[in-house]
1. Taking a ≥ b ≥ c as the square roots of the eigenvalues of the Cα gyration tensor of the chain, is the shape rounded (a/c under 1.5), prolate (a/b larger than b/c) or oblate?
2. Show log10 I(q)/I(0) for the stretch 110-239 at q = 0.20 Å⁻¹, two decimals, from a solvent-free Debye sum over equal Cα scatterers.
3. Between the stretch 83-147 and the stretch 188-224, how many Å separate their Cα centres?
4. Can you give me the long-range amide H partners of Ala34? Hydrogens built in the peptide plane at 1.01 Å from N, cutoff under 5 Å, separation of 5 or more residues or another chain.
5. Per residue Cα convex hull volume for the stretch 179-240, in cubic angstrom?
6. Which order do the peptides 226-234, 184-192 come out in when sorted by mean C-beta neighbours inside 10 angstrom, highest first?
7. Which far-off residues, 5 or more places away or on another chain, put their amide H under 5 Å from the one on Arg227, with H placed in the peptide plane?
8. Which of the GluC sites (Glu not before Pro) found in the stretch 61-90 are in a DSSP loop and have at most 11 neighbouring Cβ atoms, other than their own, within 10 Å?
Amino acid sequence: MTSGLPRHIAAIMDGNGRWAKKKGAARIFGHKNAIKAVREVTEGCAELGVEFLTLYAFSTENWGRPIEEVSGLMELLVLTIKKELKTLLNNNVRLTTIGSFQSLPKKCQSELMEAMEMTKDNTGLTLILALSYSGRWEITEAVKQIAKEVQHGDLMASNINEELIGQYLQTRDIPDPELLIRTSGELRISNFLLWQIAYTEIYITSKLWPDFRREDLYEAIQAFQSRERRFGRISEQVNS
Ligand code: IPE
Ligand code: IPE
Ligand code: MG
């Protein structure tokens, strides 16, 4: 059985720093050149009819990078949201975020809020930016919430199940990604969507994110479509 188009694609946009280094430039130059890839993948997904695209843009751990890089990235985020709003509107894309929104600089928060408000009625692709996000942070927040409800007597511990936990995550109401793309060849998850990728197909390319184009997206989707997803069962069951 072959799979159709994924409803939800997630991507770990990695390799900006190495891309810049290869060109003898500062790391931030790589981040600036990552925007084109974001635009191509977003437009590509919107055109194909993918419903959700989650892009890992800044992890909880990325706060530990040199201060110049962190502030450069935050500034770039503000500028990019402003500049790319047109692209989102033209492509009927709705923007949302996951992650610790409060920990972002106020300017980023306000720019994002405005873009989310302006795109909230768009009915095409939902673009989810993971900002100050990590899977363990998200699960920890969910556990705290659930514990509070149990403590207050609003929830019985015996009623906790996988579906309920899913509803306490940042990705509530978003289906799990069927396909996860990571660029730059690193063979790890780096604390991304830990709960949600339980059965996600992983596609890793050595291409660095600033070089990633629409054709690379199509290649990843084709690879996904050639896989047999068994979900713990056996081939004969899946094919009957
Ligand atoms: C990904 O590229 C972007 C962010 C993590 C913000 P990197 O900045 O991690 O680039 P490399 O991995 O050092 O090449
Ligand atoms: C993962 O990339 C985070 C993002 C792409 C935003 P990193 O470059 O931070 O991951 P590691 O450190 O190589 O695992
Ligand atoms: Mg990296």
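1. Working: a/c = 1.55, a/b = 1.14, b/c = 1.37.
Oblate, since a/c reaches 1.5 and b/c is not below a/b.
2. For the stretch 110-239, the Cα-only Debye profile gives -1.31.
3. 20
4. The answer is none.
5. On the way: hull volume 6.1 nm³, N = 62.
So the per-residue hull volume is 98 Å³.
6. Values: 226-234: 10.2, 184-192: 14.7.
Ranked by mean Cβ neighbours within 10 Å, highest first: 184-192, 226-234.
7. Sorted by chain and number, the residues that satisfy this are Ser3.
8. Counting only loop positions with at most 11 other Cβ atoms within 10 Å, none of the GluC sites (Glu not before Pro) in the stretch 61-90 qualifies.
The values are calculated or read from the model by the stated rules, or taken from the named source; none is laboratory data. The model shown is predicted, which means the values in this text are computed figures rather than measured ones. Note: ideal-geometry Cβ built from the backbone for every residue, glycine included; neighbour counts use all protein chains shown. Heads up: the accessible areas ignore ligands, DNA and RNA and are worked out on the full protein's heavy atoms, side chains in. Shrake-Rupley method; radii C 1.70, N 1.55, O 1.52, S 1.80 Å.
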